[in-house]
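The values are calculated or read from the model by the stated rules, or taken from the named source; none is laboratory data. Bear in mind that the values here come from a model prediction, so they are computed numbers and not experimental data. Ideal geometry is used to build each Cβ from the backbone, glycine not excepted, and the neighbour counts take in all protein chains shown.
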Amino acid sequence: MSSRKSWTIPYVVFSAVFVILPLLLIVVYAFMDDAGYFTLGNFAKFFAHPEAINTFVYSIGVAIITTVVCILLGYPAAYILTQTRMKYASTVVVLFILPMWVNILIRTLATVALFDFMNVPLGEGALIFGMVYNFLPFMIYPIYNTLQKLDKSYVEAAQDLGANPMQVFFKAVLPLSMPGIVSGILMVFMPTISTFAIAELLTMNN
């Protein structure tokens with residue numbers, strides 16, 4: 001037990017330094033003025049500009065749509081992968097992850113070039129496509145990982161009790177895979193709402 005705890009220490013330290021601390025700094029700076037004193041003026045300036053509010057609401061809308069599309073595409077893909085032979089499933093998972101090794105700006109520029117080649121105008125549709133293309137693997141992998149570790153005895157028990165495939169999925173598989181879905185939602189929604197480079201490139205700076 002002590003050896004397991006010692007292995008978790010580096011991960012806890014890494015998360016505290018590179019995840020929690022930056023988030024806390026953002027919160028602190030949000031309530032500070034240029035002189036370093038506490039202020040609510042930053043929020044007052046934000047809510048005083050309708051354009052800023054509209055941009056914020058639009059960003060949330062794009063993030064929600066992207067997340068929903070990623071769930072609709074990612075869950076079936078992850079489920080199918082868990083039903084295939086391990087050798088082929090591992091290869092396909094690597095193919096999904098492989099584009100993540102390329103910088104997100106390069107992937108976005110490639111998407112812009114693709115739309116230009118197809119003579120498809122840039123805009124909201126291109127933006128959603130680019131967001132889904134860039135963040136879909138972040139939805140697939142946690143769901144796939146959860147489904148891979150799912151205790152098959154629950155599925156077998158449901159089948160033994162006479163449940164049909166749809167009932168097995170909605171009563172056993174889907175509820176047990178919720179941790180992966182929640183992880184995927186967080187991994188897609190949070191970066192999508194703040195990725196300005198993709199929005200700027202795929203909407204012609206609009």
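Might you check whether a residue that is at pLDDT 90 or above and either farther than 23 Å from MET139 by Cα or touching a helix residue (DSSP H, G or I) at 6+ places or on another chain (Cβ under 8 Å) (or both) occurs anywhere in the range 41-52? There is no residue in the range 41-52 that is at pLDDT 90 or above and either farther than 23 Å from MET139 by Cα or touching a helix residue (DSSP H, G or I) at 6+ places or on another chain (Cβ under 8 Å) (or both).
Pairs are defined by a Cβ separation below 7 Å, a sequence spacing of at least 6 or placement on different chains, a first member in the range 138-155 that is of a type outside the set (Val, Ile, Thr), and a second member that is crowded, with 17+ Cβ neighbours inside 10 Å and outside any helix (DSSP H, G or I); the pairs so defined are LEU147/SER177; LEU150/SER177.
Going through THR111, THR39, THR84 one at a time, which residue ends up being over 20 Å from ILE185 (Cα atoms), loosely packed, with under 13 Cβ neighbours inside 10 Å and β-branched (Val, Ile, Thr)? Testing whether each residue is over 20 Å from ILE185 (Cα atoms), loosely packed, with under 13 Cβ neighbours inside 10 Å and β-branched (Val, Ile, Thr) leaves just THR84. Given the criteria over 15 Å from VAL62 (Cβ atoms), assigned to a helix (DSSP H, G or I) and not aliphatic (A, V, I, L, M), does PHE138 qualify? So PHE138 passes the test.
Scanning the range 100-135 for residues that are of a type in the set (Gly, Ala, Ser) and under 18 Å from THR192 (Cβ atoms) yields GLY123, GLY125, ALA126, GLY130.
I'd like to check something: does the range 171-181 contain any residue that is of a type in the set (A, V, I, L, M, F, W, C), modelled with pLDDT under 90 and assigned to a helix (DSSP H, G or I)? Within the range 171-181, one or more residues are of a type in the set (A, V, I, L, M, F, W, C), modelled with pLDDT under 90 and assigned to a helix (DSSP H, G or I).
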